[in-house]
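Before any comments, here is the structure.
The values are calculated or read from the model by the stated rules, or taken from the named source; none is laboratory data. Given the structure is predicted, the values throughout are model-derived calculations rather than measurements. Virtual Cβ from ideal backbone geometry, glycine too; neighbours counted across all protein chains shown.
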Amino acid sequence: MADTEMDVDAPESLDQDRKNGSGNTDTKTAENAVPVRSIEGWIIIVTNVHEEASEEDIQDLFAEYGEIKNVHINLDRRTGYVKGYALIEFATVSEAKAAIEGANGEQLLEQTLSVDFAFVRPPPGKSSTGTKGASKKGGRQRSRSPGERRSGRDDEAED
């Protein structure tokens, strides 16, 4: 049963939108990455949210772009204020894209919002190997394990 739930994949759903002629062939983020669908919908991240913004304020702003399935706003434990970002889930990629295009740069409680897809697949050509790829390109390397250090010192002492 779990296999059937995981059959839904972002590229396939984007391909279906293209086949249906919905015009979403150019759905990319600002960094030219491809958005990825979460299990239940398309999630966008809204940053620079005012600390006194409420869930109602955010729903009022984003409701005009489509049906909102879920809104998540993190609150600071100590102060109870918004941490500065919100995650909003839409059912379709076209609604999420409309929200990004329409609300990016909008004002909410005198702060300019930044809106983009929350989950993306990296653009082609980017290394997806993590720290291993960085070390090959001269990045920070991992330290050796203590056993290897000892054997290396023994070899130096014998020379």
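Checking each residue in the stretch 50-63 for being out of contact with any helix residue (DSSP H, G or I) (no Cβ under 7 Å at 6 or more places or on another chain) and either at pLDDT 95 or above or not charged (D, E, K, R) (or both) picks out 50, 53, 54, 58, 59, 63. Of the residues making up the stretch 79-86, one or more are more than 13 Å from residue 117 (Cβ to Cβ) and touching a helix residue (DSSP H, G or I) at 6+ places or on another chain (Cβ under 8 Å). For the stretch 55-92, a residue qualifies if it is more than 16 Å from residue 44 (Cα to Cα) and surrounded by fewer than 12 Cβ atoms within 10 Å (Cβ to Cβ), and the qualifying residues are 56, 75, 76, 77, 78, 79, 80. The condition of being modelled with pLDDT under 95, under 16 Å from the mean Cα position of the chain (by Cα) and surrounded by 13 or more Cβ atoms within 10 Å (Cβ to Cβ) holds for only one of 96, 103, that being 96.
Of all residues in the stretch 84-113, exactly one satisfies the criterion of being free of Cβ contacts under 8 Å to residues at least 12 places away in the same chain and assigned to a strand (DSSP E or B), namely 107.
For residue 66, the criteria (1) of a type outside the set (D, E, K, R); (2) at pLDDT 90 or above; (3) on the phi < 0 side of the Ramachandran plot hold in every case but one, which is (3).
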